[in-house]
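What follows is a set of notes on a single structure, which appears directly below.
What follows draws every value from the coordinates through simple rules; no lab data is involved. In this text the structure is predicted, and so the values were computed from the model without any measurement. Don't worry about glycine lacking a Cβ; one is built from the backbone with ideal geometry, like all the others, and counts go over all protein chains shown.
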Amino acid sequence: MNRPRILIAGLGDTGLLTAIHLAKYADVVGISSKPGLVSGQELGMRLSRPHEWARDYWVSFDRYRRLDRVRTVHGTLTGVDLETRRVHLTGPDGIAATESYDVLVIATGVTNGFWRRPDLQSADQVAAAIAADHRRLAAAESVIVLGGGAAAVSSALNVATTWPGTRVDLYFPGERALPQHHGKVWSALSARLRNLGVGLHPGHRAVVPEGFGCDEITAGPVEWSTGQDASSADAVLWTIGRTTPNTTWLPDSLLDDRGFVVVDEYLRVPSAPGVYAIGDVAATDPLRTSARSRADGLLAHNIRADLDGRRAKRFTAAARRWGSVVGTQRDILEIFGPGGRAFRIPAWSRLQPFIVWRGIYGGVRKPAGQVLESSAIPVDRP
Ligand SMILES: Cc1cc2nc3c(=O)[nH]c(=O)nc-3n(C[C@H](O)[C@H](O)[C@H](O)COP(=O)(O)OP(=O)(O)OC[C@H]3O[C@@H](n4cnc5c(N)ncnc54)[C@H](O)[C@@H]3O)c2cc1C
């Protein structure tokens with residue numbers, strides 16, 4: 001085969017990086033329902049400091065130098081024909097189209113709460129949604145954050161830091177939050193939350209109202225299935241880890257019983273030759289860690305190895321969650337390792353272009369204008 005045609009389904013955190021690795025060796029086509037990277041990472045920063053968040057996590061595709069060779073298609077994937085190796089999609093104009101492939105990489109991620117949605121959006125719609133969530137929290141005098149994962153802890157800490165006058169309460173079902181991280185991570189962050197005056201409420205499991213998809217910020221009372229009296233706030237964040245894989249466009253034969261894509265240890269989909277999966281959609285391990293473990297390089301290697309008849313590499317999953325939990329604080333990025341140790345990188349805004357833009361993405365152009373209009377998002381209150 002001369003230059004194979006590789007189709008990346010979903011250009012989020014992992015699809016984008018996989019496309020970048022393969023662009024030199026193949027004709028790469030990336031299909032995405034967003035017109036750029038809209039990362040699901042660092043929810044707390046996104047809600048409280050959207051300009052700062054957008055600088056790193058909302059980046060139009062034309063700014064990535066190494067995507068110049070990749071054809072990006074804005075559309076929603078609606079189906080795949082594994083026999084003829086074609087995917088079906090619908091573009092922003094509502095017109096159906098197909099794209100053929102030799103190799104298909106499934107990287108469509110998961111839907112999670114109100115901030116990670118697979119809907120087809122224009123750049124203006126992405127910005128409007130970010131602005132609306134920010135304004136909603138800026139206006140709230142009290143905020144309830146539900147859930148014990150990184151998104152919940154990050155939201156509680158960043159809201160409390162950005163708006164010290166806002167009453168913030170974090171409710172989680174277990175004895176501690178961040179149960180999938182090393183215990184030291186919660187010890188460090190719970191102390192910080194207490195210092196900020198955040199109310200910590202273990203042993204609270206919220207009742208999800210009938211028919212509610214946790215897809216918006218609500219107001220008013222929250223009922224507890226754990227027996228406590230209802231609690232109320234101006235804004236309620238449903239960060240309860242209710243994730244759904246974005247796989248309705250795929251046949252059941254590729255999926256496990258929860259709808260995630262079945263892969264082997266080489267990230268191949270065993271039942272479909274030429275098909276691979278990576279990121280939150282791939283059933284690699286119970287925590288589905290291939291995104292944060294940076295398996296994009298390994299996947300690109302394996303695809304090229306399979307095409308050239310060379311040896312593929314095995315993916316090894318991390319046993320615990322690790323990484324940044326609360327984003328940058330006072331320009332310091334803190335990363336917790338799998339053993340719970342914190343590594344702090346100071347002067348992050350100066351180092352970020354070298355470490356992330358150059359080191360991870362191989363060059364990112366400056367935005368032509370403002371990423372988010374200041375008129376849409378008021379400058380953060382001190
Ligand atoms: C460099 C890097 C650093 C990370 N650091 C951390 C960290 O510090 N801490 C941490 O907890 N985690 C970290 N992570 C992991 C992160 O939390 C998630 O696991 C990661 O965002 C998942 O990426 P994804 O590509 O699977 O999904 P997504 O980024 O959600 O991408 C999926 C994309 O597919 C699109 N899509 C969905 N359905 C369709 C469809 N039908 N048609 C077209 N497009 C569709 C979506 O709109 C989205 O754009 C990191 C990941 C990376 C790559």
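The table for this structure:
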{"read-out": "Inter-site label distance for Arg310 and Arg341 at 7 Å from Cα along Cβ, in nm", "value": "3.3"}
{"read-out": "Ranked Glu175, Glu334, criterion: other C-beta atoms within 10 Å, fewest first", "value": "Glu175, Glu334"}
{"read-out": "Rg/Rh ratio calculated on Cα atoms of region 129-195 (Kirkwood radius)", "value": "0.99"}
{"read-out": "Residue-averaged [θ]222 nm for the chain, counting only DSSP H segments that reach four residues, each worth -39500 (n - 2.57)", "value": "-6500 deg cm²/dmol"}
{"read-out": "Sites Arg294 and Asp229 - FRET efficiency at Förster radius 30 Å, r taken between beta-carbons, to 0.05", "value": "0.10"}
{"read-out": "Per DSSP, loop trypsin sites (Lys or Arg not before Pro) in region 318-362 with at most 10 further Cβ within 10 Å", "value": "Arg330"}
{"read-out": "Cα-based reach from Lys366 at 25 Å (exclusive), listing lysines while leaving out same-chain residues under 8 positions away", "value": "Lys24, Lys34"}
{"read-out": "Distance histogram for the chain (every C-alpha pair counted, 10 angstrom bins, percent rounded to whole numbers)", "value": "5, 23, 32, 26, 12, 2, 0"}
{"read-out": "Separation in nanometres of the label points that stand 7 Å from Cα toward Cβ, at Ala128 and Ser349", "value": "3.0"}
{"read-out": "Helical segments meeting 20 Å axial Cα length and Kyte-Doolittle -1.0 threshold in the chain (DSSP H)", "value": "123-139"}
{"read-out": "Spatial extent of region 83-198: Rg and Dmax, with the Cα atoms as the point set, Å", "value": "19.9, 59"}
{"read-out": "Taking all pairs of distinct alpha-carbon atoms in region 67-121, Kirkwood radius in angstrom", "value": "12.8"}
{"read-out": "Additional length obtainable on full extension of the chain from Tyr25 to Asp81, 0.36 nm per residue less Cα span", "value": "17.7 nm"}
{"read-out": "Fraction of alpha-carbon pairs over 18 Å apart in region 129-250 - percent", "value": "51"}
{"read-out": "Gain on full stretching of the segment that runs from Ile332 to Gln370 - 0.36 nm per residue minus C-alpha separation", "value": "11.3 nm"}
{"read-out": "Relative exposure of Val73, Val103, Val207, judged by other C-beta atoms within 10 Å (fewest first)", "value": "Val207, Val73, Val103"}
{"read-out": "Kirkwood hydrodynamic radius over Cα pairs of region 190-310, then Stokes diffusion coefficient at 20 °C and 1.002 mPa s, in µm²/s", "value": "119"}
{"read-out": "Descending principal axes extents, region 239-382, alpha-carbon based, whole Å", "value": "54, 38, 34"}
{"read-out": "Average projected area [Cα convex hull, region 208-255], square nanometres", "value": "4.8"}
{"read-out": "Difference of contour (0.36 nm per residue) and Cα-Cα distance, Thr248 to Asp68", "value": "61.8 nm"}
{"read-out": "5 Å binning of all Cα-Cα separations within region 1-93, expressed as whole percents from 0 upward", "value": "3, 13, 21, 20, 19, 13, 6, 3, 1, 0"}
